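Contents: one structure, followed by commentary.
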Amino acid sequence: MNSFSESLVVAASLVSHFDPNLLEIVELSLRVSLTATLASSILGLPLGAAIAVGRFPGGQVLTVLLNSLMGLPPVVVGLVVYLLLSHAGPLGALGILFTPAAMVVAQTILITPIIAALSRQIVADAWGEYREQLVSLGARTFRAALTLIWDTRFSLVTVLLAGFGRAIAEVGAVMIVGGNIDGVTRVMTTTIALETSKGDLPLALALGLVLITIVVVLNAATQGIREWARRRYG
């Protein structure tokens, strides 16, 4: 066997035997990304809905800004968060640099624009369809936004899944603010990058297999939710 096939066999063994080191890295990755997705949904969903429904100066500018921020370079986000949380930075007193909390902050900043922009588009489409009905019922902006968020909840779930997928696959920002410290801030993507550079292919491949599985499951869940909602609600 060549080195790749040997590494693949060892990687499969690590996954099938639930290697403790592997599980620790996967668990931290899921915890950080799920927390960031929750925080981003709390910020992004109301923001997107408010921009879609509200009438205020600069609404179009905010829409363009959100769409632009969807392409935020992760390394730039990581650099900004690092500068803010470093000892010389304005938030250095928090002492969370090179901790999972800093990684959550970086991922939250990275995916909040994605969730806000995508949810804005979904709610805006629903607003165009139900606007007259909601206005005739006397729904104010806040109530209309909440109603449309509930009405489009299945589509918005797919937005949250997309945000989580973006977070779990991110490497640049979390490496800068987390440092990939063994037993503290090692997540799947940073470990894959660094272990590959060190030549430890089995662990990198094992984590790669897990990460690909998570991405496939997310896409399957997204498609399943869409199909279920389409069949049930037309």
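The values are calculated or read from the model by the stated rules, or taken from the named source; none is laboratory data. Since the model is a prediction, treat every value here as computed from it, not as a measurement. Because the Cβ atoms are built from the backbone with ideal geometry, glycine has one as well, and the counts that use them run over all protein chains shown.
Scan region 34-53 and tell me whether some residue there is β-branched (Val, Ile, Thr) and over 16 Å from the mean Cα position of the chain (by Cα). Steps first, answer last, please.
As a first pass, look at region 34-53 and keep what is β-branched (Val, Ile, Thr): 35, 37, 42, 51, 53.
Those left that are additionally over 16 Å from the mean Cα position of the chain (by Cα): 51, 53.
Yes.
Name the one entry in 148, 137 that is of a type in the set (A, V, I, L, M) and either at pLDDT 85 or above or in contact with a strand residue (DSSP E or B) (Cβ under 9 Å, 6 or more places away or on another chain) (or both).
Criteria check complete, one pass: 148.
Hey, among 143, 120, which residue is surrounded by 16 or more Cβ atoms within 10 Å (Cβ to Cβ), among the basic types (Lys, Arg) and closer than 21 Å to residue 49 by Cα? Don't jump to the end; show me each part of the working.
Details: 143 fails: surrounded by 16 or more Cβ atoms within 10 Å (Cβ to Cβ).
The match here is 120.
Under 7 Å between Cβ atoms, which residue pairs at least 6 apart in sequence (or on different chains) link something in region 43-58 that is closer than 13 Å to residue 142 by Cα with a partner that is at pLDDT below 90 and of a type in the set (S, T, N, Q)?
51/63; 53/141; 54/141
Can you say whether residue 90 is part of a loop (DSSP other than H, G, I, E, B) and either closer than 25 Å to residue 66 by Cβ or of a type outside the set (Lys, Arg) (or both), as far as the supplied structure shows? First the steps, then the outcome.
On the way: part of a loop (DSSP other than H, G, I, E, B): yes; either closer than 25 Å to residue 66 by Cβ or of a type outside the set (Lys, Arg) (or both): yes.
Spelling it out, residue 90 is indeed part of a loop (DSSP other than H, G, I, E, B) and either closer than 25 Å to residue 66 by Cβ or of a type outside the set (Lys, Arg) (or both).
If you check residue 181 against the conditions, is it buried (at least 20 other Cβ atoms within 10 Å of the Cβ) and over 16 Å from the mean Cα position of the chain (by Cα)?
Numbers: buried (at least 20 other Cβ atoms within 10 Å of the Cβ): no; over 16 Å from the mean Cα position of the chain (by Cα): yes.
Against the criterion (buried (at least 20 other Cβ atoms within 10 Å of the Cβ) and over 16 Å from the mean Cα position of the chain (by Cα)), residue 181 does not qualify.
Go through (1) more than 30 Å from residue 129 (Cβ to Cβ); (2) modelled with pLDDT under 90 one by one and return the number of the condition residue 59 breaks.
All conditions are met except number (1).
Does region 114-129 include one or more residues that are of a type in the set (Lys, Arg), over 18 Å from the mean Cα position of the chain (by Cα) and part of a helix (DSSP H, G or I)? Write out each step before concluding.
As a first pass, look at region 114-129 and keep what is of a type in the set (Lys, Arg): 120.
Right, trim to over 18 Å from the mean Cα position of the chain (by Cα) and you get none.
No, every residue in region 114-129 fails to be of a type in the set (Lys, Arg), over 18 Å from the mean Cα position of the chain (by Cα) and part of a helix (DSSP H, G or I).
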